[in-house]
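K.L.:
Here you go, one structure.
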Amino acid sequence: MSQEPYFTSCTAALDAIGFGRLQWLVLLYCGLAWLADACETMLLSFLGPAVRCAWGIGPGAESALTSVVFAGMLLGVNSLGAVADQLGRRRGFLLSALVLGAAGLASALAPSFAWLLLLRSVVGFALGGAPIAVTLFAELCTSETRGKWLLVMQGAWTVGTVLEAGLAWAVLPTLGWRWLLALSALPLLLLLAMYPLLPESPVWLVAKGRYAEAEAVLQRAARLNGYSKPLHLRLRPDAASQPAASVAEERRGQQQHGSLATGRSSRLSMRNSARSRSPSRAALEADQLGVSSPGPQAPLLAPGAEHGAHSEQQAGQSSQDCGSLAAANTGTAPAALPLRLAFRRRLRNAAHALQSALGIIFGDRLRRTTLLLYCIWIVCAITYYGLVLLTTALQTVAKRDACTPSGAPNLDSSDYLAILIASSAEAPGLLAAASLIDRKGRKWTLRLGLLACTAALLGLLADPSRGGQLALLFAARAAVEGSYSVLYVYSPEASVWV
C-alpha cells in the first residue's frame, strides 16, 4: 500500500481537504461581519438628513458627519491591517468588531453634535478593519473556488444594505435616529458571541513560524470536513529534509504543548509581518505559489525586503535577549519587565512590517500594478458611496420641506420603497459578476461593470422622470457593486502573479 503524500503548504492541504463544514462556519461568521459593516455604511444615507432635521444643523455640518466616517476608514484600513498582521486575523478582527460595536452604541447616546462627530469617526476607523474578515475567509478557501466563494460572501453586504433600508423605514419615522443607530449595531453582539468558534488563518500562522498551530487548524478542518485519509503535513521549512519518523516525533511533541484544535489562538510571541490589504497580499503570496511544489515557498519580496524581514527577526531576538539580561541583573522575572519595553518592541516590529510591505507593493515588480489598483479602488469607492448617499438625497431634493414638523426627514412610504429597491440592485449585480468572473475573466468583468455604471450615471444627468431615475439608480448600483466585488478577488491575485 502506497504511503499518503506529505503536504508542504497550506493551500495544497486545503485543496486536498476541500470546501466543507469549517469553511461554511467561517463564511457564516465573516458574512455576518460583512452584513454588520454594510448596515453601518448604509446608515450614512439616513443619519445626515435625520440629524439635520432633529438638531437644525447646516449642509456643511451634515456633510462633515459623513466625511469623518471616511476619514476614520482611511486611518483604520491601514492601522487595523497592520494589527491583523501582528496579532493575527482573529484578534485583529475582534478588535475591529469591539470598537465598532462600542462606538456605534455610544453614537446613539451622543449628547451633542461634536460628540456625534467624534464617535462616528471612531466608527469609520473600525469599519477600516472590515477587510480582515475577507482576508481570513480567503486564506481558508481552496484555491480553485476562492473567487466564487468570496463573491458569495460579498452577497452578505447586499443583504446588509437592504436590511438597513428596511430598518430605517420601520424605525426612523417613529422612534428617531438614535434608535436606528442602536439597532444597527446589534449584529455585532452576535459576532462576539460566536467568536470562540472562529479559527485562526493557517497561512498567517505559517508566516509567523507557528507551524504546529497551523497544522492543528488544518487537522481540525480535515476532521470537520470529513476528510477520510490521514492528513500528513510538513509545513516547517526544514521538515522536508528530516526523516519521517523524526518529523512525526517532533509533531507529537508540539501537539502536547497545545494546538488550535478548539479554534482558539495561542499567546506565543509574534514577529515577521507584512502589511495586510483585503485580501492579504503577502500571506497569499507566500502560500499560493506553493500549491503543487515539493517544498514550502517563501514570500515574494522586493529587493531589500528580505533583509528587512531578517533584520526584524534579529531586532526581536535582540529585544528578548536584552530583556532577559535586564531581568537577570535586576532579579526580576521577564514578565515583570516594564510594559514600555514590550510596547517599544511592538512598535519596532510594526515599523519593520510596514517597511517590508511597502517594499513589496511599491517595488519594481508591483509598483505599476499597485498604482493602477489604487486608482480603480478610489474610483469604485467614490462611485459606490456616492450612489448610496444619492439614493436618499434624490427622494427629498424636489420637496419644498426637507423635514417634517416632528423633526424627521420628509420621507414617505414611496420614498423608502424606492430606496429599498435601489439597494436591492446590488444582488443582480453580484450575480452577474459571479457568472462572468471565471468565464470571461477578472479584467473583462471589471471593465464591463465600470462601463455600465458610467452609462447609467450619464443617464441621470438628463433629469429623467421618477421611474426613469429609479431605473438608472438601480442599474448604476448593480454595476458598481459587481465591479467592487471583482476587485476583492482580482487585487490579491494580481499582486501574486504579476
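Each value in this text was obtained by applying a stated rule to the coordinates, not by laboratory testing. Keep in mind that what you see is a predicted model, and the values were worked out from it rather than measured. Counting neighbours? That spans all protein chains shown, and the Cβs are built from the backbone with ideal geometry, glycine included.
K.L.:
Percent relative contact order of region 186-235, based on C-alpha pairs within less than 8 angstrom and at least six residues apart?
P.N.:
Once divided by the residue count of region 186-235, the mean separation gives 28 percent.
K.L.:
Taking K148 as the anchor, which lysines have their alpha carbon closer than 20 Å to its alpha carbon, excluding any fewer than eight residues away along the same chain?
P.N.:
Leaving aside lysines fewer than 8 places away in the same chain, those within reach of K148 are K440, K443.
K.L.:
Could the peptides 47-58, 400-411, 74-85 be put in order, highest first, of the mean number of other beta-carbon atoms found within 10 Å of their residues?
P.N.:
74-85, 47-58, 400-411
K.L.:
On to the next question. Where does the charge balance sit around L411 when Lys and Arg score +1, Asp and Glu -1, over other residues with C-beta under 12 Å from its C-beta?
P.N.:
-2
K.L.:
Rank-order 475-483, 134-142, 188-196, 155-163 by packing density, defined as the average count of other C-beta atoms within 10 Å over each peptide's residues, highest first.
P.N.:
So the peptides 475-483, 134-142, 188-196, 155-163, ranked by packing, come out 475-483, 134-142, 155-163, 188-196.
K.L.:
How much net charge surrounds L22 when only other residues with a Cβ under 10 Å from its Cβ are counted (Lys, Arg +1; Asp, Glu -1)?
P.N.:
+3
K.L.:
Report the relative contact order of region 127-249, percent, no decimals, based on alpha-carbon pairs under 8 angstrom and at least 6 residues apart.
P.N.:
RCO, region 127-249: 17 percent.
K.L.:
Taking the Cα centre as origin and putting +1 on Lys and Arg beta-carbons and -1 on Asp and Glu beta-carbons, what dipole magnitude results for region 344-407, to the nearest 20 debye?
P.N.:
Dipole about the Cα centre, nearest 20: 480 debye.
K.L.:
Then there is this: Please sort 387-393, 369-375, 114-120 by packing, taking for each peptide the average over its residues of neighbouring beta carbons within 10 angstrom, highest first.
P.N.:
With the highest mean Cβ count within 10 Å placed first, the list reads 387-393, 114-120, 369-375.
K.L.:
Shifting gears a bit: Which log10 I(q)/I(0) values does region 59-215 give at q = 0.09, 0.17, 0.18, 0.21 Å⁻¹ under the Debye formula, counting every alpha carbon as one identical point scatterer?
P.N.:
After summing over all Cα pairs, the log10 values are -0.35, -1.09, -1.19, -1.45.
K.L.:
Note the per residue figure in Å³ for the convex hull of the C-alpha positions in region 9-120.
P.N.:
118
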